[in-house]
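The values are calculated or read from the model by the stated rules, or taken from the named source; none is laboratory data. Because the structure is a prediction, the values reported are computed rather than measured. Cβ: placed from backbone, ideal geometry, glycine included. Neighbour counts: every protein chain shown.
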Amino acid sequence: MHGETPRKVRTLFISDLHLGSKIAKADFLLDFLRDHEAETIYLVGDIVDGWRLRRSWHWPQSHNDVVQKLLRKARKGARMVYIAGNHDEFLRDFQGVHFGGIEVADQAIHVAADGRRYLVIHGDQFDTIVHNVRWLAYLGDKAYDLAIIVNRIVGRFRRLFGMPYWSFSSWAKVTVKRAVNFISAFQTIVAEQAKNAEVDGVICGHIHHAAMEDIAGIRYINTGDWVESCTAVVEHFDGTMEILRWTETAAQPAAGRFVPVVIDAKAAAA
């Protein structure tokens, strides 16, 4: 899509980039950022993976390019709000501070073009495992890394035989968590928090599962992640919210080109 005029949207929401980890798909994200311009950009947590950086330093040029690209967008006039997550929780000590034109916050209220108000929050605040059994959260993080490695091996074999992309780690995660109703419980709790905040909807990340649905009168939107599904939420100028997946062209895996795949597109008034 390079060479074309960037797609202009009112607002862009991205989360769970996990820069500083080997599983981050920085090249996919760079391609997406080149092809999208927004008046406001929300970085909805886990942008930098402090957990992994503490274990071992990993910061290739592509990760630095992502940071520079975001800073460049801020310099050009885009409002940028960084919502801290659990992997970059060190930023919660800097709420209200501006870094290079980027606002740092624990949560924010976004007013869409149609007047609807959304609570923007990472979502780890409602994950009891992260807060009550922290050692288990770190163990799960290690297991997730292993799942990503398996995912890459499976992906190579599927490309070799001309088969479309399939995420083992997403399948395993969703299958297991659904077995214990984790995703459903998380969505319900987040929606309840949004209702208590007297807003119309909530936009979050954290669980790496992109979704858009109505829960008890609250529009629940999850941005997904940029380590496997490569998804983002965009708000159009009429207030319509859309989830996009930015994925490699299956027919041309070596061409280095990417195409957007619409996961869900619903009007906020629906």
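Tabulated values for the structure
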item	result
Some residue of the stretch 34-56 being farther than 18 Å from ASP225 by Cα, surrounded by 14 or more Cβ atoms within 10 Å (Cβ to Cβ) and of a type in the set (S, T, N, Q)	yes
Conditions (1) surrounded by 13 or more Cβ atoms within 10 Å (Cβ to Cβ); (2) under 26 Å from GLU242 (Cα atoms); (3) modelled with pLDDT under 95; number of the one not met by GLU89	(2)
Every pair of residues 6+ apart whose Cβ atoms lie under 7 Å, when the first sits in the stretch 194-206 and is free of Cβ contacts under 8 Å to residues at least 24 places away in the same chain while the second is assigned to a loop (DSSP other than H, G, I, E, B)	LYS195/ALA216
Count of the stretch 53-72 residues which are in contact (Cβ under 8 Å) with a residue 40 or more places away in the chain and either farther than 20 Å from LEU244 by Cα or in contact with a Pro (Cβ under 6 Å, 6 or more places away or on another chain) (or both)	3
Index of the failed condition, ILE218 passing every other in (1) of a type in the set (A, V, I, L, M); (2) in contact with a strand residue (DSSP E or B) (Cβ under 7 Å, 6 or more places away or on another chain); (3) modelled with pLDDT under 95	(3)
Verdict on VAL97 being closer than 26 Å to ASP124 by Cα, without any contact (Cβ under 8 Å) to a residue 12 or more places away in the chain and surrounded by fewer than 21 Cβ atoms within 10 Å (Cβ to Cβ)	yes
